[in-house]
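The values are calculated or read from the model by the stated rules, or taken from the named source; none is laboratory data. Bear in mind the structure is a predicted one, so any value in this text is a computation, not a measurement. Note that we place each Cβ from the backbone using ideal geometry, even for glycine, and neighbour counts take in every protein chain shown.
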Amino acid sequence: MLSGLFVPNTFDYMIAGYVVLSVVLTIYIASIARRWKKAVAEYHLYQEEK
Amino acid sequence: MLEKPRLLTFLDILSGLMILIAAGLVFFYAPVEQLMGQVQKVFYFHVATAWVGMLGFMVAGVAGVQYLRTEQEKWDIAGLGAVEISLVFFMVAIILGSIWARPIWNTWWTWDPRLTTAAIVELIYAAYLLLRSGLDDPGKRARFSAIYAIFGFFSVPLTFISIRLLRTIHPVVIGSAEAASQGGFNMDAPMRTAFFFSLAAFSVFFADLLWHRIRLGKLQSKVNLLRIESYEKES
Amino acid sequence: MSAFLKSIGAIIWKDLKTEWRTRENLSAMLVFSLLVILIFNFALELDLRARESLAGGVLWATFIFAGTIGLNRSMAVEKDRGCLDGLLLAPVDRSAIFIGKTVGNLFFMLVVEAIVLPVFSFLYGIPVFQPGFLVVILLGSIGYAAVGTLLATMVVQTRTRDILLPILLFPLTLPVVIAAVKASQGFIQSVPFAEISVWVNILITYDLIFLAVAIMVFDYILEE
């Protein structure tokens, strides 16, 4: 009967969830970007040697 | 090789937009679930990331078969990329599942068959990466990885079925008989919209990420070739 | 066809004869199994009834660990003595090599199991000589030996060798472990067969799928 009146406050958990999601995805995307830049730099290095 | 294809840029923008819209739907359009509160909103992206994990898993299996058939390096690169992405997304899905479980069932881990199988898949990926790191010959590395990915592709569904059967024969009573206390909830129309749109957004995001990752793999492979040529010239 | 069967027979015979000379591998597997059972006995100090409910699990954990040792050594010996190269030079169908090695490994597993089972039955007071139970042991061992042989052939060509086999093998053979334990446990506790049959079906399905896939894929492991 009262269940409709009191919604449990699980706000913090929701925030924690979305923070984890954003942080992990950001780290992964950054990792791809960093490896890409490194590969491009090496590519130019070897191209110049030619 | 270095120039970014325009379609990829378009895909970047599309996936970014779709994820933003999905987030908007989740936070502002879908209602707050009555019995669980706000944490239920974690569910949308929890399933979406697990979905991406599954997509990556299947791509890895298919890439394995294709590599064995064609011996074209791009399939090995695709397989590794798919495994990498799937690893990250399953990890997020498991963590989100844990965060969702904690306030509702007062436990961090529920031995749910799907999450348990996801954890096992993570172990298979770890084994896959260890296998690769133990092989220096690129041809062998590619072939063996492909074979392991194919084996994983067949074993995981069987594992999932086994675990599922394990639990139905010995059901774990979590709470009262109500669906809500067992973690279920009914989705109304706005929730369904948010749910399916999240799945779609993350699917596009997966394609986008995979393309980027494959590009990276191809460039790294080219750089490796150049490096070897350069050493040979020196000697 | 008969040439195919003959080559399989030759490979199995070679393995059996080689092993019989020193019996190193078999003794290692056997001693290890008995030690594992001993450790479990102390690690899980339980009363008689609780023991019965865990017997299936303890048994299969033992077989899995002992099986890994056997698999590792069996392939390592091939590689180190150059037998692998010899086999590859011979005009033998690759699949014959796989089937031959698998049957050999299966045979060694079964020998160890045949010795461990009575010991186990004696220590845990559990009747193990029911036909259904023995069929489960056979089915589980087949699946484990097949996937194990294939992976061992890969692993023996890596730098990280020994430790890599269990890491690769265990996650893939979980269906075997789960089904074999449940089925064994069912037979031990005299559960009606209708309930056990689903687990036996999973074992059979696993064996069929993985034998087929392994045979199809084995050629690619031995390319040079």
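For the range B:20-51, the candidate set comprises residues that are β-branched (Val, Ile, Thr) and surrounded by 19 or more Cβ atoms within 10 Å (Cβ to Cβ); within that set, the residue that is modelled with the lowest pLDDT is B:Val39. Listed by first and then second residue, the pairs with beta-carbon distance under 6 Å, at least 6 apart or on different chains, first residue in the range B:207-235 and at the interface with another protein chain (Cβ under 9 Å from one of its Cβ atoms), second among the hydroxyl-bearing types (Ser, Thr, Tyr), are B:Val223/A:Tyr43; B:Leu226/A:Tyr46; B:Ser230/A:Tyr46.
Of all the listed residues (B:Leu68, B:Leu115, B:Leu35), the sole one being out of contact with any strand residue (DSSP E or B) (no Cβ under 7 Å at 6 or more places or on another chain) and part of a loop (DSSP other than H, G, I, E, B) is B:Leu35. Can you tell me which residues in the range C:79-101 are touching a residue at least 24 places away in the same chain (Cβ under 8 Å) and of a type outside the set (A, V, I, L, M, F, W, C)? Those that are touching a residue at least 24 places away in the same chain (Cβ under 8 Å) and of a type outside the set (A, V, I, L, M, F, W, C): C:Lys79, C:Asp93, C:Arg94, C:Ser95, C:Gly100, C:Lys101. When we screen B:Ala60, B:Ala48 for residues that are touching a residue at least 12 places away in the same chain (Cβ under 8 Å), of a type in the set (A, V, I, L, M), touching a Gly at 6+ places or on another chain (Cβ under 9 Å) and closer than 14 Å to B:Phe206 by Cα, the only hit is B:Ala60. In the set (1) more than 24 Å from C:Ile221 (Cα to Cα); (2) within 13 Å of another protein chain (Cβ to nearest Cβ); (3) aromatic (Phe, Trp, Tyr), the condition left unmet by B:Phe10 is number (2). Among the residues making up the range B:16-32, those that are within 11 Å of chain A (Cβ to nearest Cβ) and outside any loop (DSSP other than H, G, I, E, B) are B:Gly16, B:Ile19, B:Ala23, B:Val26, B:Phe27.
Yes or no: B:Ala126 without any contact (Cβ under 8 Å) to a residue 60 or more places away in the chain, surrounded by fewer than 20 Cβ atoms within 10 Å (Cβ to Cβ) and assigned to a helix (DSSP H, G or I)? Against the criterion (without any contact (Cβ under 8 Å) to a residue 60 or more places away in the chain, surrounded by fewer than 20 Cβ atoms within 10 Å (Cβ to Cβ) and assigned to a helix (DSSP H, G or I)), B:Ala126 qualifies.
Please determine whether any residue of the range C:135-148 is in contact with a helix residue (DSSP H, G or I) (Cβ under 8 Å, 6 or more places away or on another chain), within 11 Å of chain B (Cβ to nearest Cβ) and surrounded by fewer than 19 Cβ atoms within 10 Å (Cβ to Cβ). There is no residue in the range C:135-148 that is in contact with a helix residue (DSSP H, G or I) (Cβ under 8 Å, 6 or more places away or on another chain), within 11 Å of chain B (Cβ to nearest Cβ) and surrounded by fewer than 19 Cβ atoms within 10 Å (Cβ to Cβ). Among the residues of the range B:143-163, those identified as free of Cβ contacts under 8 Å to residues at least 24 places away in the same chain and over 16 Å from C:Gly148 (Cα atoms) are B:Pro157, B:Leu158, B:Ile161, B:Ser162. With respect to the conditions (1) modelled with pLDDT under 95; (2) under 14 Å from the mean Cα position of the chain (by Cα); (3) within 9 Å of chain B (Cβ to nearest Cβ), C:Thr173 falls short on a single one, namely (1). Filtering C:Ile37, C:Ile12, C:Ile64, C:Ile8 for residues that are buried (at least 16 other Cβ atoms within 10 Å of the Cβ), touching a Pro at 6+ places or on another chain (Cβ under 9 Å) and in a helix (DSSP H, G or I) leaves a single hit, C:Ile64. Name the single residue that is nearest to B:Gly56 (Cα to Cα) among those in the range B:129-157 being more than 8 Å from chain C (Cβ to nearest Cβ), part of a helix (DSSP H, G or I) and among the charged types (D, E, K, R). Across the range B:129-157, the extreme among qualifying residues is B:Arg132.
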